[in-house]
Amino acid sequence: MSRPLLMIPGPIEVSAAVVAAAAAPPLSHLDPALIEAYAGALGDMRRVWQSSSESQPFVVAGAGSLAMESAAVNLLDPGQRACVVVTGYFGDRMAEMLRRRGVEVREARMPAPGELPSLEEVARAAEGCQALFATHVDTSTGVRTDAEALAKLARERGLLSVFDGVCATAAERFAQEAWGADVYLTASQKAIGLPAGLALWVASPRALEARAALKVAPPMCLDWEVWRPIQQAYEAAQKSYFSTPATTLIMALRVGLQELVSEGIEEVFQRHERAARAMRAAWSSLGLELLPSDEAWTANTLSALRYPKGVDASLLGRIKEHGAVVAGGLLPELKTQYFRVGHMGVVTKRPDDLLRTVRAVGAALGESGHACDVEAAAAAAQEILG
Ligand code: PMP
């Protein structure tokens with residue numbers, strides 16, 4: 001059989017054009033073609049993020065955690081207070097990063113995995129804080145927070161707002177400028193549609209002012225004031241150097257972002273919504289239960305699914321044998337009780353890939369002793385995918 005599909009919640013399958021760009025011989029960081037691609041990518045980030053022309057996009061070699069850490073150390077001084085909305089594993093990571101910066105953390109935690117803290121609870125926890133941090137989609141639970149409402153809440157109370165969009169950006173609806181969100185961060189290996197290796201974020205003018213006002217400078221390689229002139233120089237088509245950029249990935253980033261921009265970001269969001277509805281119809285037909293307790297906050301980028309009775313993590317190997325690589329559980333307290341299927345990026349344009357995944361999960365469930373009708377599940381998904 002051909003190579004199994006990569007259906008974990010990142011890294012994901014990428015387009016042929018991105019593969020070609022990532023497979024080209026490396027360029028110098030001073031090569032005109034690189035400079036042009038870098039400038040184009042920064043401009044396209046504003047389009048995908050829907051951020052203002054005064055906002056600052058950053059492209060830095062690293063992964064999502066580096067983007068998170070940069071937000072943790074560039075906005076607040078030690079001794080200041082942040083509210084962290086915790087909807088899973090990555091919210092806990094954000095809180096720990098802030099504590100290491102010496103920030104006092106107030107958590108608004110999910111009452112149970114798969115649930116959300118209410119806006120009232122967030123407002124209570126945010127009292128006296130200078131910034132609000134939330135995970136747009138927590139990949140460990142498949143829960144999507146209401147980023148628009150949280151950004152508004154932060155705005156009204158004079159807090160900066162930061163959203164970890166690693167499992168959401170370029171898939172879940174987000175409008176940075178219209179919502180007044182200060183930082184939206186992600187990594188290249190998810191819905192942006194690239195291999196892993198780039199940390200990406202856009203900071204609002206207010207966020208940049210907060211960095212400028214810090215008393216304790218962040219570590220150099222994470223410092224927005226070190227990186228900002230580099231991004232500005234590249235955007236102005238000028239040569240620049242602080243630390244070697246990931247030139248190959250930047251060439252691929254240009255391609256990936258152009259694909260998103262030419263499709264139209266609203267169409268991209270709708271494509272992910274449709275794919276998620278199709279996958280959920282299939283899971284329901286297979287007798288699988290989602291971890292998120294309400295469809296209103298169930299992510300469109302992945303499905304977190306409880307193992308049915310009598311089925312355990314050996315299911316994952318069987319799914320792979322049937323042609324799809326999916327992920328196990330991540331949340332420590334539930335790790336052995338659920339698994340995760342990613343459905344973001346280019347596969348959401350390919351009904352055949354989604355149906356192949358449904359059939360692989362269904363066939364593996366059958367072999368694991370869970371009776372189900374694989375073709376009925378595929379038909380349920382197909383009906384939505386058209
Ligand atoms: N936040 C979220 C929501 C994530 O899904 C991930 C990665 N799965 C991260 C942060 C960390 O990203 P990375 O693994 O690229 O450091």
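Below are the figures for this structure:
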read-out: Förster radius 45 Å - calculated FRET efficiency between residue 349 and residue 127, Cβ distance, rounded to 0.05; value: 0.50
read-out: Surface share of carbon and sulfur [accessible, 1.4 angstrom probe, percent] for region 253-363; value: 47 percent
read-out: Principal axis box of the chain, alpha-carbon based, largest edge first, Å; value: 61, 51, 31
read-out: Nearest 10 degrees, 0 to 90: helix 374-385 Cα axis against the chain principal axis; value: 40 degrees
read-out: Between helix 351-367 and the chain: long-axis angle, C-alpha atoms, 0 to 90°, nearest 10; value: 50 degrees
read-out: Förster radius 51 Å - calculated FRET efficiency between residue 239 and residue 306, Cβ distance, rounded to 0.05; value: 0.45
read-out: Solvent-accessible area, 1.4 Å probe, carbon plus sulfur percent, for region 14-163; value: 51 percent
read-out: Full-stretch length increase - residue 63, residue 226 - with 0.36 nm per residue and alpha-carbon distance subtracted; value: 56.8 nm
read-out: Residue-span extension gain [residue 152 to residue 47] - 0.36 nm each, minus C-alpha spacing; value: 35.7 nm
read-out: Residue-normalised accessible area of region 1-152, expressed per residue, 1.4 Å probe, Å²; value: 37 Å²
read-out: Above-threshold pairs, the threshold being 31 Å between Cα atoms, out of 152/190; 190/335; 309/349; 152/335; 320/349; 190/215; value: 309/349; 152/335; 190/215
read-out: Simple label model, 7 Å out from Cα along Cβ direction - residue 16 to residue 277, nm; value: 3.0 nm
read-out: Over the chain: helical MRE at 222 nm, DSSP H runs n ≥ 4 each giving -39500 (n - 2.57), nearest 500; value: -13000 deg cm²/dmol
read-out: Spatial separation of Cα centroids for region 5-47 and region 71-90, in angstrom; value: 30 Å
read-out: Acute angle (nearest 10 degrees) that the helix 247-263 long axis makes with the longest principal axis of the chain, alpha-carbon atoms; value: 70 degrees
read-out: Amide H contacts of residue 329 (H built 1.01 Å from N, under 5 Å, at least 5 apart or other chain); value: 338
read-out: Residue 248 - accessible surface, heavy atoms, 1.4 Å probe, Å² rounded to 10; value: 40 Å²
read-out: Residues whose placed amide H lies under 5 Å from that of residue 368, excluding near-sequence neighbours; value: none
read-out: Extended-chain gain in nm, criterion 0.36 nm per residue less alpha-carbon gap, residue 375 and residue 321; value: 17.6 nm
read-out: Positive-end residue, region 280-326 charge dipole about Cα centroid, Cβ charges, pick of 286, 303, 314; value: 314
read-out: Label point distance in nm, residue 295-residue 28, each placed 7 Å from Cα along Cα→Cβ; value: 5.7 nm
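The values are calculated or read from the model by the stated rules, or taken from the named source; none is laboratory data. Worth saying up front: this structure is predicted, and the values here are computed from it rather than measured. Ideal geometry is used to build each Cβ from the backbone, glycine not excepted, and the neighbour counts take in all protein chains shown. These accessible areas exclude ligands, DNA and RNA; they are computed on the full protein's heavy atoms, side chains included. Shrake-Rupley method; radii C 1.70, N 1.55, O 1.52, S 1.80 Å.
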